[in-house]
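What follows is a short report on a single structure.
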Amino acid sequence: MTVVIVLVAVLLVMAAWVAIRALQTKSDLENWVTSAGRLRSQVAARDLTAARATADVLTESGASAATLDRDPVWRAAEFVPFIGDDLRAIRQVADVVGDLSSRAVTPATRLLATVSPTSIELRDGRIDVAALERASPDAARLATALKRSRDDADAIQLSGALPPIRSAVSRLRSALGRASEQASAADTALELAPAVLGADGPRRYLVLVENNAELRAGGGIVGAVALVTADRGRISLVQEESGVSFGHRAEPVLPLSDDTRGLYGSIVGEYMQDVTLTPRFSTSARLARAMWTERFGGRVDGVVAIDPVTLGYVLKSTGPIRLESGDTITASNAVQLLLSDLYARYPDPRAQDAFFASAAASVFAGVTGGGADPVDLLQAVGRGAAEGRVALWSAQPSEQRVLAATSLRGLEPSRDDRLPTAGVYLNDATGGKMGVYLAERVSTGSRVCRADGRPSWVVDVQLTNTAPADAAERLPPYVTGAGAFGVDPGDIRTRILVYAPSAAAFLGATLDGEPVEPQVARDGSYQVVQRETNLGPGQSTVLRVAWVGATESGAAPLAAKGTPGIRSFTTRRLALTCAGPLP
């Protein structure tokens, strides 16, 4: 009897202790979450003094929560049925928070002091390269710490845990995933920025301004090309040309692979305007570089692509800019002005191209002249890159290897087998500027329907022509194409290209529910399905493409990336059944 009483007393003491520690840990984690939110707000408001004080509180809360790992009573309680799984998950969350606080907060705080808005501000066209070099080591430490915490959070054991704990861990994983990606991008940027900005000697870059009104797989037709130099942080616009001014070559400027010729034709290497027919920006950049040097000579160290939607984002950092034409371009009217209004105003295509190029140059001057808010500018460029509207290619192999692992590589599909990803790209075949009237909706789904466990992946691409019914009469001929390529004015003809996830085999395709036989080809390691559609005003169509995975991997969610038009590229979840011919 005495033994039983002692045992019960011990268990009660353990239970009380675990309850006390749970309340303490809950308080520590709540303080940590509150402090993390406050820190984000203070950084956004650029209140660096308050941010450093909050970082100290964050570190203390995280360190206190992490002491749970050294509590023998709590560790023993993790083996108790019914509650052990929850206690283990709580302790692992506390470990992640403690490790994150000890490893990430300090380099993050130093970064705040080193890379301030004034150090990255363009003053008289120059960026403080030395400040960026000083910040690079802390950016690397921060990226490493966040990746480690992200991996640790992904490894938290949730089998048997209660729903509230599962939900909290899911939120933690999501937050760490976003933070890790952002830190990795910042680390890459700070690693490359000094050299890219000419710290080791002058650099010369081509800037391709893509026009989304005439879609290309890589974004849009190249409407303007500019030569920009960077020398020890000073950025200068040297020369600007319209895309059409490069004319037509009888043969591609560089040898094209059979895959590229088969999918996009030789014109991808014959016209500057068409180098973006492929989603492989590294290919587009090399072709544009070769065309420039053939015509003007000189060295080109890299190529940048940007579109009018991103220019609109950038204008939020500069404020309104007065153009040579007398117009005022703003964040709210940039897309309408550059992709629609100018065609109604200037019937001559040469005047349109000149206006487009002049507007891009004026925005560039507004940025480099010191009128841009540096933090807002970085956010604008970051948003454009995340949406696939900004790309960068370097002629330096070591730099390009780093860029190829970031969102700045362009729209080429991902090779990450952990997250199967399809590519959905659009090439205009209308010969006009009807892209502003093309609405796209992409849906993806996955399901296991086979006895061998191999997944089926499906992509639906819905296109709609939103042009007015009287588009043929109302819209300018240059916008409709005037039937020059066999397309009735007001119609939109589009070539849809769907790149398969890696390690997948084509099952079939339907168009509006009816089986079709699209072109099935390859682009390097990717299997590609291509189908042309033609839509009159108000018409809509849905192309469905299905593949089967090469290995048994379960119904892994299928992601997608693709051509951004005037609207951002987004995907929806597709509910699938195993009934019917697909999947």
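The values are calculated or read from the model by the stated rules, or taken from the named source; none is laboratory data. Everything numeric here is computed off the predicted structure, so don't read it as measured data. Glycine gets a Cβ as well: all are built from the backbone with ideal geometry, and neighbour counts include every protein chain shown.
Within segment 183-216, if we keep just the residues that are of a type in the set (Gly, Ala, Ser) and in contact with a Leu (Cβ under 6 Å, 6 or more places away or on another chain), the residue that is nearest to residue 126 (Cα to Cα) turns out to be 193. Does residue 276 satisfy being surrounded by 22 or more Cβ atoms within 10 Å (Cβ to Cβ), of a type outside the set (Gly, Ala, Ser) and closer than 20 Å to residue 433 by Cβ? Answer is yes for this residue. Among the residues of segment 93-110, the ones that are of a type in the set (S, T, N, Q) and over 11 Å from residue 149 (Cβ atoms) come to 2 in all. Against the test of being within 25 Å of residue 217 (Cβ to Cβ) and assigned to a strand (DSSP E or B), the options 305, 380, 360 yield a single qualifying residue, 305. Go through (1) modelled with pLDDT under 90; (2) under 30 Å from residue 198 (Cβ atoms); (3) among the hydroxyl-bearing types (Ser, Thr, Tyr) and name the single condition residue 421 misses. Going through the list (1) modelled with pLDDT under 90; (2) under 30 Å from residue 198 (Cβ atoms); (3) among the hydroxyl-bearing types (Ser, Thr, Tyr), residue 421 breaks only (2). Every listed requirement among (1) within 23 Å of residue 570 (Cα to Cα); (2) modelled with pLDDT of 95 or more; (3) small (Gly, Ala, Ser); (4) more than 29 Å from the chain's Cα centre (by Cα) is met by residue 467 save one, (4).
Within the option set 369, 312, being surrounded by 20 or more Cβ atoms within 10 Å (Cβ to Cβ), under 29 Å from the mean Cα position of the chain (by Cα) and part of a helix (DSSP H, G or I) holds for one residue only, 312. The condition of being at pLDDT 90 or above and not assigned by TED's automatic domain parsing to the domain that holds residue 541 holds for only one of 383, 389, that being 389. Could you tell me whether segment 217-233 includes any residue that is outside any strand (DSSP E or B), free of Cβ contacts under 8 Å to residues at least 24 places away in the same chain, among the basic types (Lys, Arg) and assigned by TED's automatic domain parsing to the domain that holds residue 289? No, the conditions are met nowhere in segment 217-233.
When the residues of segment 383-418 are narrowed to those that are assigned to a loop (DSSP other than H, G, I, E, B) and of a type in the set (Ser, Thr, Tyr), which ends up farthest from residue 497 (Cα to Cα)? Selected residue: 406. Here's a check for you: in segment 484-502, which residue that is surrounded by 16 or more Cβ atoms within 10 Å (Cβ to Cβ) and small (Gly, Ala, Ser) is nearest to residue 220 (Cα to Cα)? For segment 484-502, the residue satisfying everything is 490. The condition of being aliphatic (A, V, I, L, M) and touching a Lys or Arg at 6+ places or on another chain (Cβ under 9 Å) holds for only one of 225, 238, 304, that being 238. When the residues of segment 171-189 are filtered to those that are of a type in the set (A, V, I, L, M) and within 18 Å of the chain's Cα centre (by Cα), which remaining residue is nearest to residue 407 (Cα to Cα)? In this case the residue turns out to be 185.
Screening segment 221-245 for residues that are buried (at least 21 other Cβ atoms within 10 Å of the Cβ) and either at pLDDT 95 or above or among the aliphatic types (A, V, I, L, M) (or both) and picking the one that is nearest to residue 131 (Cα to Cα) gives 230.
Looking only at residues in segment 385-433 that are crowded, with 23+ Cβ neighbours inside 10 Å and polar (S, T, N, Q), the one that is nearest to residue 346 (Cα to Cα) is 430. Counting only residues that are surrounded by fewer than 16 Cβ atoms within 10 Å (Cβ to Cβ) and either touching an Asp or Glu at 6+ places or on another chain (Cβ under 9 Å) or closer than 20 Å to residue 261 by Cα (or both), segment 518-538 holds 8 of them. If you go through segment 281-335 and pick out every residue that is modelled with pLDDT of 90 or more and among the acidic types (Asp, Glu), you end up with 3. Inside segment 242-252, residues that are under 28 Å from the mean Cα position of the chain (by Cα) and assigned to a strand (DSSP E or B) make up a count of 1.
So is residue 213 surrounded by 23 or more Cβ atoms within 10 Å (Cβ to Cβ), part of a strand (DSSP E or B) and either of a type in the set (A, V, I, L, M) or in contact with a His (Cβ under 9 Å, 6 or more places away or on another chain) (or both) or not? Yes.
Residue 463 meets each of the listed conditions (1) touching a strand residue (DSSP E or B) at 6+ places or on another chain (Cβ under 8 Å); (2) under 18 Å from residue 438 (Cα atoms); (3) without any contact (Cβ under 8 Å) to a residue 40 or more places away in the chain apart from (3).
Within segment 341-360, restricting attention to residues that are touching a residue at least 24 places away in the same chain (Cβ under 8 Å) and surrounded by fewer than 18 Cβ atoms within 10 Å (Cβ to Cβ), the residue that is farthest from residue 243 (Cα to Cα) is 344. Counted as qualifying within segment 503-572 are the strands (runs of 3 or more DSSP E) with 3 or more residues that are over 30 Å from residue 471 (Cβ atoms), namely 504-511, 519-523, 526-535, 540-549.
Residues that are within 19 Å of the chain's Cα centre (by Cα) and either at pLDDT below 90 or among the small types (Gly, Ala, Ser) (or both) occur at least once in segment 142-153.
Every listed requirement among (1) of a type outside the set (A, V, I, L, M); (2) within 21 Å of the chain's Cα centre (by Cα); (3) closer than 21 Å to residue 394 by Cα is met by residue 212 save one, (3). Residue-level analysis places residue 196 among those that are among the β-branched types (Val, Ile, Thr), under 22 Å from the mean Cα position of the chain (by Cα) and within 21 Å of residue 379 (Cα to Cα). No other residue among 541, 533, 577 is touching a strand residue (DSSP E or B) at 6+ places or on another chain (Cβ under 9 Å) and modelled with pLDDT under 90 apart from 577.
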